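Quick note: the coordinates plus some simple rules give every number you see, no bench work behind them. All of these numbers come straight from a predicted model, not from anything done at the bench. Please note: Cβ atoms are built from the backbone with ideal geometry, for glycine as well, and neighbour counts cover all protein chains shown.
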Amino acid sequence: MGGAKVTESSNVQRNLALQRQWYGEPLGDRVRRLVVAFRISQAQLAEVLGISAPMLSQVMSGRRAKIGNPSVLARLVMLERKVLVPGVAAGESDAIKQALEDVRHSRPSVGRDNLPVMQVANGEEAAWPVLREVAKPSELESAASLLEGRYPALAQLLRRAANGEPD
């Protein structure tokens, strides 16, 4: 009996390490932030994401390493972005309800270019899709030129986002 618990604990630790590698942090941390931000239960969040509540619980606890359905992961990322919508950030119930409904009814197309899950040592590639949503590559280049003198590291990040290429 004790050996089974040690094996389960070691599997959980391995899965949490894989989540850090794949998603930047344990999924439980990301999910808990969404539960708080949207003032909903884990079961309600699971329904919005399109995953069963037990499966979400297993991913959160590290008993499972990954979310296998890319559309579920895309909805998770969509919800994380909706936290930044002014009404949601202010805790307005109508805005929260609308954000949840938008994500619940979404049918995200999932591809390499629209999920910020690429990993580099400092995770900066995760910012590229967001930057590309708010500005064209030419605008990112222009902003980089303006920032070059005082903020060279930020200028370099903007240029890499514009080009879509790592160092």
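A quarter of the convex hull surface defined by the alpha-carbon atoms of the stretch 1-113 gives 7.5 nm² as the mean projection. Within a straight-line Cα-Cα reach of under 24 Å, residue 97 can be paired with the following lysines, leaving aside sequence neighbours fewer than 8 residues apart in one chain: 82. Think of the stretch 1-111 as having a plus end and a minus end, set by charges on the Cβ of Lys, Arg, Asp and Glu; of 98, 17, 72, 17 sits farthest toward the positive end of this dipole. Rounded to the nearest 20, the Cβ-based charge dipole of the stretch 1-83 about its Cα centre (Lys and Arg +1, Asp and Glu -1) stands at 100 debye.
The calculated FRET efficiency for residue 40 paired with residue 81, based on their beta-carbon distance and R0 = 22 Å, is about 0.85. Computed from the C-beta positions of residue 11 and residue 47 and an R0 of 25 Å, the FRET efficiency is 0.40 to the nearest 0.05.
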